[in-house]
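Below is one structure, written out as structure tokens; comments come after it.
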Amino acid sequence: MRLPLYQVDAFAGDLFGGNPAAVCPLERWLPQATMQAIAAENNLSETAFFVREGDGYALRWFTPTVEVDLCGHATLAAGLIVMRFLEPKLNIVSFRTLKAGTLSVMRKADMLAMDFPARPAAPTEAPAGLLKALGGTPREILRARDYLVVYDTAADIAALKPDFATLAGVKDCWAAIVTAPGEDGVDFVSRFFAPAQGVPEDPATGSSHCTLTPYWAERLGKTTLEARQLSRRGGSLRCTLNGARVTIAGSAVLYLEGQISL
């Protein structure tokens, strides 16, 4: 069996930046163990699989070790593949997901924009080991699905050197987002760590901005924000809060087109 495979750098205007995602269009679902094995073989933070369903597509995402409930950069990548290769006349693609409802990707000037659910965070206490694993001195701890740890400056975020082994062992911590105010036209910066899910540091994370956007929209008193993820590869996102939804926009660049042999 041969399956198409694409690799896309999401939330980047040029190759070798942003977050690389693999995209595998399917005629029908493969066994879950097979999709998980493909994601492990790709060894990227996410591999997206989709099949045609009605006038849209059903979409699933896998890290190298687990299936996840929501992924932004691989959704952006999947939208690019549909509109570039499968249905080039489309300006909007709808994806039905198992746990995040229906998501859409639309052309928006020179970017692609996704419609995602907002995931506001509420203040909480840090679980044992979280702050030791992250380092630094945060000013605030909140939580939605992921812990949101707020620092004072972008330099604080850039300087963090997490202990991933300790972070992976923090009880009930799916992932940790660290964030601070931005500078030079960037409203806020962030990084994203999910070692327990097989992703020590994600280069550019769409799903984290479902939580970051409502936090910074309230704090800064504005609904459209420019965001920068301070990973080694970096990532740029434009986020807009629309009530219970978030628009997350960015660029995406095709890196690879090939086939899987099974």
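Each value in this text was obtained by applying a stated rule to the coordinates, not by laboratory testing. Keep in mind it's a predicted model, so treat the numbers as computed, not measured. Here Cβ is always computed from backbone atoms with ideal geometry, including for glycine, and neighbour counts include all displayed protein chains.
Over the chain, dividing the summed -39,500 (n - 2.57) contributions of all DSSP H runs of at least 4 residues by the number of residues returns a 222 nm mean residue ellipticity of -5000 deg cm²/dmol. Taking label points 7 Å from Cα along the Cα-to-Cβ direction, residue 33 and residue 165 give a separation of 3.1 nm. Taking amide hydrogens as placed 1.01 Å from N in the peptide plane, the amide H of residue 46 sits under 5 Å from those of 22, each at least 5 positions away in sequence or on another chain. For the pair residue 26 and residue 257, a Förster radius of 25 Å applied to the C-beta separation gives a FRET efficiency near 0.95, rounded to the nearest 0.05.
Whole-Hz Karplus values for the range 126-138 come out as 6, x, 4, x, 5, 5, 4, 5, 7, x, x, 10, x Hz, taken residue by residue from phi with 6.51 cos²θ - 1.76 cosθ + 1.60 and θ = phi - 60°; glycine and proline positions read x.
Of the Cα atoms belonging to the range 122-243, the radius of gyration and Dmax stand at 13.2, 37 Å.
With neighbours defined as other Cβ atoms within 10 Å of a residue's Cβ, the residues 9, 187, 163 order from fewest to most as 163, 187, 9. For the range 144-161, the Karplus equation 6.51 cos²θ - 1.76 cosθ + 1.60, evaluated at θ = phi - 60°, returns couplings of 10, 5, 9, 6, 10, 10, 9, 10, 7, 9, 4, 4, 4, 5, 5, 7, 5, 10 Hz by residue, with Gly and Pro reported as x. Across all directions of projection, what mean area in square nanometres is found for the Cα convex hull of the chain? If you wrap the Cα atoms of the chain in a convex hull and average its projections, you get 13.2 nm². Within straight-line reach of residue 108, meaning a Cα separation under 29 Å, sit the following lysines at least 8 residues removed in sequence or on another chain: 89, 99, 222. The ranking of 61, 216 by Cβ neighbour count inside 10 Å, starting from the fewest, reads 216, 61.
Which parts of the range 152-171 would a label at residue 132 reach, counting a residue when its backbone N lies under 17 Å from a point 7 Å out along Cα-to-Cβ? Hits in the range 152-171 for residue 132 at 17 Å: 161-171. The residues neighbouring residue 108, those whose beta-carbon lies less than 14 Å from its own, together hold a net charge of 0 under the Lys/Arg +1, Asp/Glu -1 convention. Taken over the range 1-63, the alpha-carbon convex hull comes to 97 cubic angstrom per residue. Couplings for the range 61-69, taken from phi via the Karplus curve 6.51 cos²θ - 1.76 cosθ + 1.60 with θ = phi - 60°, read 10, 9, 7, x, 10, 8, 7, 10, 8 Hz in order; Gly and Pro are left as x. Going from the fewest other Cβ atoms within 10 Å to the most, the residues 239, 173, 71 appear in the order 173, 239, 71. Each label point was placed 7 Å from the Cα along the Cα-to-Cβ direction; for residue 108 and residue 51 their separation is 3.1 nm.
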